[in-house]
Amino acid sequence: MKIIILGAGQVGSTLAANLVSEDNDITLVDNESVRLEHLQDKHDLRVMKGSASSPNVLRDAGASDADLLIAVTSSDEINMVACQISYTLFNTPTKIARIRNSEYLKEKDKLFNQDVIPIDHIISPENLVTQDIVRLVEYPGALQVAHLAKDKISLVVVKAYYGGPLVGYSISTLKEHLPHVDCRIVSILRQDKVIRPQGSTIIEAGDEITFICATVHIKAVMSELQRLEKPYKRVMIVSGGNIGAGVAKQLEEHCTVKLIERNAERAATLAEKLSKTLVFHGDASDQGLLFEEHIENIDVFLSLSSDDEANIMSALLAKRLGAKKAMVLIQRMAYINLIQGGTIDIAISPQQATISALLGHVRKGDVANVVSLRHGLAEALEIIVHGNENTSHVIGREIGELKLPTGALIGAVLRGNDVLIGNNQMTIQEGDHVVVYLSDKKYISDLEKLFQPSAFFI
């Protein structure tokens, strides 16, 4: 696939690194030559210095025969203009833009269509991250929760602790403990080593477990791996930016929410907007303020500013003063591995959320959703099956017969409104939403080929 990526910031460069490893022809456009040189030395891709919205630059980048244009510069306006030019001058078939401004997003149905601004897919990192955080608050104890297949199937990452009934027992015991709940454990991470789960695999305390089940059964399965935590009722949020304000808005109906904002003007605006949230003008590193607001009673402390270091420090302070859980927003991937699982419970990466959303549009075949796992090393895909027994490699065949690539597991299938957990005897049908877990991304093209219908397949 010939792909042009506009903007070599964190999202653009991470995306380029992800896609170049999958045999795509990538051209990366940015104004910063140092950044481009660094990426060119690291990866097998073409780079171009210049303005992302310049017709000449787009022409030289190969927009006339590109399959896909992804505009992820730091400016919404440049991203929109670039898509418009690509459509008008070069007729680029698929255009994806990152849009952050909530004013544009409110009007997206009127603005973003072929007759106005021709953008095929919009990616909004703030909205994606907000949803991720709300889900983590909804399922206390989970490290990652992703809903797939019309939200009926979920993929959950959770740490196993002593006290969970399954800890110290084999995976096959799960069926005895929960006879009416179907679930598939698709991966175990033990001391940084990935273990492919078998029925006889013993679950150990400290294992990071990834499982797939019907969304309604998440808490039942989690209760097997750790003692279920009480629902989070008292939440403190640091920073009233788009993400902080969005999270407060969604949580204030069923939680007591306190929000600390440094900017007095912004704090006053939020106090008007958020009817049930207590908004404070102050600094989250102010010990006196945290004591005053009874930090020791807070169930979850969310540090969501755009400053990684400030987020980490305020979360460490909050934990020391008695907050039960701390989640932080981290832009720099290098920090995530350093802090998650230590004093800070969860590090949330906007890059990861954005990359997951983008990959869903880039994958070949009808891929409805992609979830990036283990910081981009593994993936879960929701693939809609098309074709018939003559044109498809999978329709009418049992899962046990399929030539799945190394490390691929079919976790679950949505058929109509029914959630079916994958087993070797299950037959794939046309229209199925199949959720596949892939432990190693280098086999992604094999998986795409398997699910793509072919007119010549006999």
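Could you go through segment 144-155 and let me know if any residue there is surrounded by fewer than 16 Cβ atoms within 10 Å (Cβ to Cβ), of a type in the set (Asp, Glu) and in contact (Cβ under 8 Å) with a residue 24 or more places away in the chain. For segment 144-155, residues surrounded by fewer than 16 Cβ atoms within 10 Å (Cβ to Cβ), of a type in the set (Asp, Glu) and in contact (Cβ under 8 Å) with a residue 24 or more places away in the chain: present. Inside segment 43-76, can you point out the residues that are charged (D, E, K, R) and under 25 Å from GLY360 (Cβ atoms)? ASP44, ARG46, ASP65, ASP67, ASP76, listed by residue number. Going through (1) within 21 Å of the chain's Cα centre (by Cα); (2) modelled with pLDDT of 95 or more; (3) closer than 27 Å to LEU420 by Cβ; (4) crowded, with 18+ Cβ neighbours inside 10 Å one by one, LEU189 falls short only on (2). Report yes if GLU126 is acidic (Asp, Glu), within 28 Å of PHE301 (Cβ to Cβ) and either touching a residue at least 12 places away in the same chain (Cβ under 8 Å) or not in a strand (DSSP E or B) (or both), otherwise no. Yes.
Rundown of residues vs (1) closer than 19 Å to SER392 by Cβ; (2) modelled with pLDDT under 90; (3) touching a strand residue (DSSP E or B) at 6+ places or on another chain (Cβ under 9 Å), yes/no style:
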residue	(1), (2), (3)
LEU420	yes, no, yes
ASN423	no, no, yes
ILE428	yes, no, yes
GLY431	yes, no, yes
TYR437	no, no, yes
SER445	yes, yes, no
GLU448	yes, yes, yes
GLN452	yes, yes, no
ALA455	yes, yes, no
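Could you please find all residues in segment 17-72 being part of a helix (DSSP H, G or I), touching a residue at least 24 places away in the same chain (Cβ under 8 Å) and of a type outside the set (Gly, Ala, Ser)? Result: ASN18, LEU19, VAL20, ARG35, LEU36, LEU39, LYS42, PRO55, VAL57, LEU58, ARG59, ASP65.
Of the residues that sit in segment 334-349 and are surrounded by fewer than 22 Cβ atoms within 10 Å (Cβ to Cβ) and part of a loop (DSSP other than H, G, I, E, B), which one is nearest to the chain's Cα centre (by Cα)? By that ranking, first place goes to GLN340.
With respect to (1) surrounded by fewer than 17 Cβ atoms within 10 Å (Cβ to Cβ); (2) closer than 18 Å to ASP446 by Cβ, the lone exception for GLU382 is condition (1). Please verify whether VAL413 is under 20 Å from PHE211 (Cβ atoms) and either modelled with pLDDT of 90 or more or assigned by TED's automatic domain parsing to the domain that holds ALA66 (or both), treating the condition exactly as stated. Here the answer is yes, as VAL413 does meet what is asked.
In segment 1-33, the residue that is nearest to LEU89 (Cα to Cα) out of those that are of a type in the set (Val, Ile, Thr) and modelled with pLDDT of 90 or more is ILE4. I'd like to check something: does segment 309-318 contain any residue that is surrounded by 15 or more Cβ atoms within 10 Å (Cβ to Cβ) and charged (D, E, K, R)? The answer is no, given that none of the residues of segment 309-318 is surrounded by 15 or more Cβ atoms within 10 Å (Cβ to Cβ) and charged (D, E, K, R). For GLN331, the conditions (1) assigned to a strand (DSSP E or B); (2) at pLDDT below 90; (3) out of contact with any Leu (no Cβ under 9 Å at 6 or more places or on another chain) are fulfilled apart from (1). Here GLN144 fits the description: modelled with pLDDT under 95 and in contact with a Lys or Arg (Cβ under 9 Å, 6 or more places away or on another chain).
I need the full set of residues from segment 89-116 which are in contact with a helix residue (DSSP H, G or I) (Cβ under 9 Å, 6 or more places away or on another chain), under 29 Å from ASP60 (Cα atoms) and surrounded by fewer than 20 Cβ atoms within 10 Å (Cβ to Cβ), in order please. LEU89, PHE90, ASN91, THR94, ARG100, LEU111, GLN114, VAL116, listed by residue number. Would segment 221-239 turn up any residue that is under 20 Å from VAL413 (Cα atoms) and either among the β-branched types (Val, Ile, Thr) or buried (at least 17 other Cβ atoms within 10 Å of the Cβ) (or both)? Yes: segment 221-239 contains one or more residues that are under 20 Å from VAL413 (Cα atoms) and either among the β-branched types (Val, Ile, Thr) or buried (at least 17 other Cβ atoms within 10 Å of the Cβ) (or both).
Just wondering, is there one or more residues in segment 160-180 that are small (Gly, Ala, Ser) and in contact with a helix residue (DSSP H, G or I) (Cβ under 9 Å, 6 or more places away or on another chain)? Among the residues of segment 160-180, at least one is small (Gly, Ala, Ser) and in contact with a helix residue (DSSP H, G or I) (Cβ under 9 Å, 6 or more places away or on another chain), which makes the answer yes.
Here is the figure for segment 302-311: residues that are within 24 Å of GLU138 (Cβ to Cβ) and part of a helix (DSSP H, G or I) total 1.
The values are calculated or read from the model by the stated rules, or taken from the named source; none is laboratory data. Bear in mind that the values here come from a model prediction, so they are computed numbers and not experimental data. Glycine gets a Cβ as well: all are built from the backbone with ideal geometry, and neighbour counts include every protein chain shown.
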